[in-house]
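Please read the structure below before turning to the comments.
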Amino acid sequence: MKNIILTGDRPTGRLHLGHYVGSLKRRVELQNSGNFDEINILIADDQALTDNADDPGKIRDNIVNVVLDYLSVGIDPAKTTICVQSALPALHALTFYYMNLVTTARLSRNPTIKAEIQMRGFSDEGLPAGFFTYPVSQTADITAFDANVVPVGEDQLPMLEQAREIVEKFNKIYGETLVLPKAMIPENEFQRRLPGVDGKAKMSKSLGNCIYLSDTAAAVKKQVNGKMYTDPLHLQISDPGHTEGNVVFTYLDALCTDEHFAEYLPDYANLEEMKEHYRRGGLGDGVCKKFLINVLEETLSPIRTERAKWEKDISSVYDIISSGTAAAVEKTNATLARVRKAMRINYFDDRSIIKEWETLLKKANQ
Ligand code: TRP
């Protein structure tokens, strides 16, 4: 069996640090590991429309932002296929068939969908059927590429569970056809779900608690200094402090390495030593934040530089997704053909069904 990766993002805004530590960084490592036969990234614009039907312009505008974010973190189009979901008609057809293999009751139990419905206020205003069923469409995304590995954030685990159930059901009814996918989530628990700078559960544009990959150094500094709470009980530098639930330390847990200490804060060999001092008392929040800003800058400044380069060459960016999408059309059409054949609805592959129908009618008329 081939080792194939498929992952994706909704193009509803620029990508932020949460995306980077939770997924993008890992994608680049996987891309460069040489362990995979194929790596595909899907810009899930159709999925984004399921809760943005009234604002397709927003999705259109953000496709370029998301691709720029990919390219600037080191996604290499020579190794990774970047493609656009809406231009892959096979995904729509697969979704339609998979819809029949899942019940509305099962979809209602998806905890991520439940949380998202609540967040968007859909429970009061009416839930778009497309949004409710997007896990089915996501199963189409994954299976169309024959992906066995799907690197995602922790919140996507219920989607993968749903996908596996559909695959198992499909293969049981129609015969072994689809590849059973597996989620891959970051090992570092702090990377799995980086909170917003305000400590709220998730970075979100509407909460204004994001650090975007394309933010300027000044904007990053402002977010850290202006919005990051530390330990409310750590009033004096000499007071003992808490590192758990302290956003500055959560970010350091997700991002910093021993090399960062050698470079910017040589008083400590590693994060454990620094935390130890903070807990004991005597380490000020200012020093911690300054170190974090240095760590963030070391992470973000090369990304920023790379982005600026690509921004000057949008026609190349266009060509990258255009050719990536053309390759993905081929690939996903081949899967759809296999699926139709397994379901025996491939009426127009050849004319053999004419014989079949003729025989059937002859028998009936005997
Ligand atoms: N639902 C994913 C998210 O919100 C995006 C996505 C769409 C995706 N299709 C996918 C992720 C296929 C992995 C595989 O982040």
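Phi-derived couplings, Karplus 6.51 cos²θ - 1.76 cosθ + 1.60 at θ = phi - 60°, listed residue by residue for the range 295-306: 5, 4, 4, 4, 6, 8, 5, x, 5, 4, 4, 4 Hz, with x used for Gly and Pro. Residues whose amide H falls under 5 Å from that of Val84, counting only those 5 or more places apart or on a different chain, are Ile43, Thr325, with hydrogens built in the peptide plane. Calculated mean residue ellipticity at 222 nm for the chain: -17000 deg cm²/dmol, from DSSP H runs with n ≥ 4 weighted as -39500 (n - 2.57), summed, divided by the residue count and rounded to 500. In the range 194-314, Cα pairs under 8 Å separated by at least six residues give a relative contact order of 26 percent. Take every pair of alpha-carbon atoms less than 8 Å apart whose residues are at least six positions apart; their mean separation over the length of the range 189-254 yields a relative contact order of 33 percent.
Under 5 Å from the amide H of His16 lie the amide H atoms of Leu213, each residue being 5 or more positions distant or on a separate chain, with H modelled from the backbone and absent for Pro and chain starts. Remark: the range 217-310 carries 52 Å² of accessible area per residue (probe radius 1.4 Å; ligands, DNA and RNA excluded). Sorted on the mean count of surrounding Cβ atoms within 10 Å across their residues, most packed first, peptides 47-53, 347-353 read 47-53, 347-353.
Summing Cβ point charges (Lys, Arg +1; Asp, Glu -1) relative to the Cα centre of the chain gives a dipole of roughly 1180 debye. For His19, the accessible area of its heavy atoms, probed at 1.4 Å with every protein chain present, is near 60 square angstrom. Residues in the range 167-214 average 55 Å² of solvent-accessible surface per residue, probe 1.4 Å, ligands and nucleic acids excluded. Pairs of lysine residues in the range 217-310 that meet both criteria, 8 or more places apart or on different chains and Cα atoms under 16 Å apart, total 8. Under a Gaussian network description of the chain, with springs only between Cα atoms under 10 Å, the residue in Leu24, Leu233, Leu160 that fluctuates furthest is Leu233.
Note on the chain: with neighbouring protein chains present and a 1.4 Å probe, carbon and sulfur make up 53 percent of its accessible heavy-atom surface. A DSSP coil position with no more than 10 other Cβ atoms inside 10 Å describes the following trypsin sites (Lys or Arg not before Pro) in the range 276-323: Lys312. Given a 1.4 Å probe and the protein chains as shown, Asp9 ends up with an accessible area of around 20 Å².
Bridge orientation summary for the chain: considering DSSP beta bridges with both residues in this region, about 5 percent are antiparallel.
The values are calculated or read from the model by the stated rules, or taken from the named source; none is laboratory data. Values in this document were obtained by computation on a predicted structure and should not be read as measured data. FYI the Cβ positions are ideal-geometry reconstructions off the backbone, even for glycines, and counts take in every protein chain you see. These area figures cover heavy atoms from the full protein model, side chains too; ligands, DNA and RNA do not enter into them. Shrake-Rupley method; radii C 1.70, N 1.55, O 1.52, S 1.80 Å.
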